[in-house]
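The values are calculated or read from the model by the stated rules, or taken from the named source; none is laboratory data. Just so we're clear, the structure is a prediction, and the values are computed from it rather than from any experiment. As a convention, Cβ positions derive from the backbone with ideal geometry for all residues, glycine included, and neighbour counts pool all protein chains shown.
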Amino acid sequence: MSILQMSFSGAVLILVVLVLRALTMNRLPKDTFLILWGIVLFRLIVPFSVPSELSVYSWIGRSLDRTVIDSGISEQSPKKNLNQVPLENIDRADEVNPKLILENDTHVINYTKTDPSQTAQNAVQAVESKSDALNTDNHVIFSAMAEKLAAFMNDTVSIRLVIWCVGMLACMTYFTQSYLRCRFEFQTSVPVENLAAQRWLTKHCCRTISIRQSDRISTPLTYGIWRPVILMPKDTDWENMQQLQYILAHEYIHICRCDALTKLVCIFALCIHWFNPLVWIMYVFFNRDVEISCDEHVVRRFGENAKSVYAKMLIQMEEKRSNVMTYLPLGNGFLFKIGKNAMEERITAIMKIKKKSLPAALLAAVLVLGVTAVFASSAAGKTAEPRKAEANLTAETTLTKEEYEKLQALQFQGYEELCISDYQKKVWALTDTKEYRDLLEHISQNETLYAIYEGNIAADKNTKELLTFYYNILEPLTAKRWQTRDFSGAATTDFPSASDNAILEYTVTLSIQDADQLTVDQYNTARQHVMEELKHIIETREWDPVELRDEEFMHTTLDEEIDSIKWSWENESLRITIAYHYTPLGELPIDEMADWQQESFDKWEAMLAPYVPFGVTYRYDQKIDEFRMYFEGKEVRAIYDTEQYQFISTHLGIGEGIYADDAIDLYVEYDDGKIAGLREATQEEMAEATEKRLAVTNAYKRGQEEYSDRLREELPATEEDYQSLFTLKTSAYRAKTIAEFNEELLEWTNHNFDRKERIAVDNFYEDYRVILTEEEKAFAAVTAHFSGMENAAYVRSIQKNEPVRDVVETVSLRSKQEVDRESGRSAWCSLYYAFSYHISDKETVRVGERDDCLGGMMDSIRGYWESSTVDQLISMTEEEMLETLQAIAEKYSSQRIRITILEDQVAFETMDERMHDETERIDTAEQAGLQDIDTITINGKVYYMIATESQLRSIRECGLDKNYMQQNDIEISEDAWLPIGTSDNPFTGSYNGNGFKIMRFADRHSHTTLFGSAEGADLYNITFSNKNTERFDHKDIVCEYEKDCRIYDIFFEV
């Protein structure tokens, strides 16, 4: 777009915004108009726009089309002439008189010799006559208007350009001089040393801000972009705290929004379009709206009661305003360039500020989007090229009659009754031609056909059925890795008013165990029913919103439902695995939730009605959104009614932190088929019930851990991303040398960096949101991953001018856990390791050899980890685990590829809380005088858990050689503190603050230390929370005398 076109479209937008401003100024949030002015600035500065059918210029173009047709200029009656020139040569029309003709969709201009002075006008008329050209490019729509605006510049382009440049430079000079003049005036300002101002600066330290005062101004203002300054008048009443709060809040809003920078952009647009009077008008109203918007933010911050006081303060400042403000083009102030009418408008706007409302916000959003779509966009083109491209797209993405018949031929009669092995043989024989292979490859890579199969694009019933056959039967059963196939789906609830609906995402893995026994029909029927029944769990069952928001309940219920579906369709020939992720229901409106809660109350009342006469009471605990049951003064966890097969409880799990410690279970007793009474569960029954509840809770926790990595912010890779990568996965890629393949991958990465990043994230989380075969996953996770690492090392070596370093890969295996049924305590272990590998010669070593070595080693380590029990693993030392890893690495190394486990980057952690030897542990604790302190074991080392101040103080008396770990925030009282350890008996153990705080120690014991004397001790990860900010030397506050100690990770909070 030219400057004139930009200026014209910007002028139209300015008029629209001024009209909207006049009609809705006091009805919409004031920020709305700043957004609209921002759109205007974008239109004035950016020389391109997005075409849109909604654009007003599209409507103009269509109107001109109709005008042209009505004028009788059409393809049926062209005026032909021997002398013709292509339309693209219109810039050379200074020697011709154009008369536009249309002939066979070829743009030509008929011309004869004419007077050069009439050339421009004639060219415009020629362009107006060509309706297709008007739609082809937005600049044609503007051309007539632009030429009229430029009529006074008929002489030459160079003269017009010189005039425009002079005007622009003049504007820039004026604004620059104005700004420099003000800055010169402000150099005499001095820093403010007022206590209230300093306190305000302390609380508002997001940027480097300074407050100064000057006798050259009479009202406050702000200037500066990178280091903003709030400039106050010399006669500011620093005792008037209310006025000071309003002023500083107003100026701070300017600073936070970078209004000075926005005004600089506005001035830049004004300098470019200095010849357009509407742009000058925009500049005035933009500055007004910046101040009015700040006023609104201040009033909302201090409450509507502040409106009158705030308005009165503005009027008082207007009375003593000086002229300095008019020279500061990049400044912001209470009365920046304001006049009488503007002041009246501003006061009116303040007094009419209303509370935020959803209708007003929605109206503002609609106005902004509407103005952008209609007035900020350009005309949508209607050329033959898009239609041709659309035709080509249709040709490429639909099946020809021959292709349709070939694919249909694979649905031969009786194929469903065949066993899978016989079906494969027959299909493989039929498709063993180049034509068939090309057809199947075309379908597998055609995104539009897959979209039809998914239901995202409409198609006829026969095509949909044929594609369903391909994607669900033909391709899964005849692919290279046909034994295992994943099918994914999702189901959601339908609560229109919920903030987020509940979502069940699931992946069904069908693994064929016996292809000679399993028929095609059995395979497809199992797939269909499993997918449909999973969808029906969420979408057809009438769920209570309270249930849908209870993750623990839902996971337990879904586990039962999914296990039932799995066992219904699994057999000896077909194994079914179902993985799922559940996202709970979001918040519902209060009135709707109240309706559901009433239904829930009614259900509970009906369930408990038979037991109320026998002493059961209940109430709704709003604090935790749960029902509580009671019996004879004790809380009831559950009621077991074996005759009615009822189990009544608010939780299936142990309900951590909800049930009282002495909560009981009740059993219903019957006599002649009628309820005779209720009895408390015996200890054995309680223990059995607790064990079942604990199993439910632990299963839920494991499920949470398993899917926590899936809750990631990064976007997953798409089908298109993987299809792009798999262009490198040729039939012979494994036989290529590493150097050759890496070069191909580097070239692909240079053009597909974003795709590469998304696939890398999928590999990291092992979370693939598209259907991939195991071979394809291995290609992405091993082949492409390690080649990418090698390329990165190669590029790094060039940048740093150093030899290429070996690749280092890190692997973190999922933690394993086991819970002791008797004690409820658990044992767990985790493994993190890193390895490097060295390739002797990438010019000769093949990709397949490298992948077999590295992939084989990682699979072997993972298999060892997953097949070992927790007891087997926690019995190992870190050295033993390292030896195991090294042995596996050695096994998969070759003469040309050496794999090395990095010893210093292996982290093998174990913890056993189970009471294997209760008596020995109690005796040890009693000997140390620490019998009331819980212990845990990590990597074979026993830690005493410090939870209270008294336990912390007891260390100095009975355990100076033990290991301690803090498990709560601890506030130190004012009682005299005796440091832990003396010179005769120093502390020699370890103390791990574990991220918890020791509070008020320095405040209340400023002349002592936490530890008195320590030797060879480890003191770390300790956080002190104090009001006293002076003692920040960690050794000074942690330990007075220390020898050979490791003191690190000491933190302070104020």
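Against the test of being under 24 Å from E475 (Cα atoms), hydrophobic (A, V, I, L, M, F, W, C), modelled with pLDDT of 85 or more and touching a Lys or Arg at 6+ places or on another chain (Cβ under 8 Å), the options F726, F779, F786 yield a single qualifying residue, F779.
Restricting attention to the range 1025-1045, the residues that are at pLDDT 85 or above and touching a Phe, Trp or Tyr at 6+ places or on another chain (Cβ under 7 Å) total 2.
Within the range 468-507, the set of residues being surrounded by 15 or more Cβ atoms within 10 Å (Cβ to Cβ) and either modelled with pLDDT under 80 or in contact with a Pro (Cβ under 7 Å, 6 or more places away or on another chain) (or both) comprises W482, R485, F495, A498, N501, A502. Those strands (runs of 3 or more DSSP E) of the range 636-706 in which at least 1 residues are at pLDDT below 85, considering only elements entirely within it, cover 646-649.
Taken together, C294, C271, C266 contain a single residue that is touching a residue at least 40 places away in the same chain (Cβ under 8 Å), in the same structural domain as E345 (by TED's automatic domain parsing) and touching a Cys at 6+ places or on another chain (Cβ under 7 Å), which is C271.
Every condition in (1) under 29 Å from the mean Cα position of the chain (by Cα); (2) closer than 20 Å to E454 by Cα; (3) part of a helix (DSSP H, G or I); (4) of a type in the set (A, V, I, L, M) is met by V530 except one, and the failing one is (1).
For every residue, the table says whether it meets (1) within 30 Å of S573 (Cβ to Cβ); (2) in the same structural domain as T463 (by TED's automatic domain parsing); (3) of a type in the set (A, V, I, L, M, F, W, C); (4) loosely packed, with under 11 Cβ neighbours inside 10 Å.
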site	(1), (2), (3), (4)
Y404	no, yes, no, no
Q411	yes, yes, no, no
G414	yes, yes, no, yes
Y423	yes, yes, no, no
K434	no, yes, no, yes
R437	yes, yes, no, no
L440	yes, yes, yes, no
N446	no, yes, no, no
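Could you identify the single residue in A827, A792 that is among the aliphatic types (A, V, I, L, M), in contact with an Asp or Glu (Cβ under 9 Å, 6 or more places away or on another chain) and at pLDDT below 90? Reasoning before the result, please.
Details: A792 fails: in contact with an Asp or Glu (Cβ under 9 Å, 6 or more places away or on another chain).
The conditions single out A827.
Being outside any loop (DSSP other than H, G, I, E, B) and either of a type in the set (V, I, T) or touching a helix residue (DSSP H, G or I) at 6+ places or on another chain (Cβ under 8 Å) (or both) is the filter here; which residues of the range 459-468 pass it? Listed by number, the residues that qualify are T463, K464, L466, L467, T468. If you go through the range 737-777 and keep only what is surrounded by fewer than 16 Cβ atoms within 10 Å (Cβ to Cβ), hydrophobic (A, V, I, L, M, F, W, C) and within 17 Å of T727 (Cα to Cα), you end up with just F753. Among the residues of the range 448-467, not one is touching a residue at least 12 places away in the same chain (Cβ under 8 Å) and surrounded by fewer than 14 Cβ atoms within 10 Å (Cβ to Cβ). Being part of a loop (DSSP other than H, G, I, E, B), of a type outside the set (S, T, Y) and surrounded by fewer than 17 Cβ atoms within 10 Å (Cβ to Cβ) holds for only one residue in D521, D516, and it is D516.
So, A976, is that one over 48 Å from the mean Cα position of the chain (by Cα) and either buried (at least 17 other Cβ atoms within 10 Å of the Cβ) or not aromatic (F, W, Y) (or both) or not?
On the way: over 48 Å from the mean Cα position of the chain (by Cα): yes; either buried (at least 17 other Cβ atoms within 10 Å of the Cβ) or not aromatic (F, W, Y) (or both): yes.
When the stated conditions are applied, A976 passes them.
Within the range 868-878, the presence of a residue that is over 39 Å from the mean Cα position of the chain (by Cα), closer than 30 Å to R846 by Cα, modelled with pLDDT of 80 or more and part of a helix (DSSP H, G or I) is excluded. Just one residue in the set E822, E843 is at pLDDT 80 or above, loosely packed, with under 14 Cβ neighbours inside 10 Å and not in a strand (DSSP E or B); that residue is E843.
Mind checking whether some residue in the range 936-944 is in a strand (DSSP E or B), out of contact with any Phe, Trp or Tyr (no Cβ under 9 Å at 6 or more places or on another chain) and at pLDDT 75 or above? There is at least one residue in the range 936-944 that is in a strand (DSSP E or B), out of contact with any Phe, Trp or Tyr (no Cβ under 9 Å at 6 or more places or on another chain) and at pLDDT 75 or above. With a requirement of 3 or more residues that are within 38 Å of the chain's Cα centre (by Cα) and acidic (D, E), none of the helices (runs of 4 or more DSSP H) lying completely within the range 168-273 satisfies it.
Applying the selection to the range 346-380, what residues are in contact with a Pro (Cβ under 8 Å, 6 or more places away or on another chain) and not in a helix (DSSP H, G or I)? Spell out the reasoning first.
Step one: list which residues in the range 346-380 are in contact with a Pro (Cβ under 8 Å, 6 or more places away or on another chain), which gives 356, 360-361, 364, 377-380.
K356, S377, S378, A379, A380, listed by residue number.
Could you list, in sequence order, all residues of the range 417-462 that are within 37 Å of the chain's Cα centre (by Cα) and among the hydroxyl-bearing types (S, T, Y)? The answer is S444, T448, Y450, Y453.
Of all residues in the range 350-368, those satisfying the criterion of being farther than 9 Å from P29 by Cβ and out of contact with any helix residue (DSSP H, G or I) (no Cβ under 7 Å at 6 or more places or on another chain) are K352, K354, K355, S357, L358, P359, L362, L363, A365, V366.
Within the option set G856, G848, being farther than 30 Å from Y471 by Cβ and of a type in the set (G, A, S) holds for one residue only, G856. Can we say H555 is in a strand (DSSP E or B), in contact with a helix residue (DSSP H, G or I) (Cβ under 7 Å, 6 or more places away or on another chain) and either modelled with pLDDT of 70 or more or under 30 Å from S421 (Cα atoms) (or both)? It is false that H555 is in a strand (DSSP E or B), in contact with a helix residue (DSSP H, G or I) (Cβ under 7 Å, 6 or more places away or on another chain) and either modelled with pLDDT of 70 or more or under 30 Å from S421 (Cα atoms) (or both).
Just wondering, is there one or more residues in the range 521-535 that are in the same structural domain as H581 (by TED's automatic domain parsing) and in contact with a His (Cβ under 6 Å, 6 or more places away or on another chain)? Taking every residue of the range 521-535 in turn, none turns out to be in the same structural domain as H581 (by TED's automatic domain parsing) and in contact with a His (Cβ under 6 Å, 6 or more places away or on another chain). Every condition in (1) of a type in the set (S, T, Y); (2) farther than 17 Å from R481 by Cβ; (3) touching a residue at least 60 places away in the same chain (Cβ under 8 Å) is met by Y423 except one, and the failing one is (2).
Scoring N456 on the criteria (1) more than 23 Å from K729 (Cβ to Cβ); (2) out of contact with any Ser or Thr (no Cβ under 8 Å at 6 or more places or on another chain); (3) in a helix (DSSP H, G or I) leaves a single failure, condition (3).
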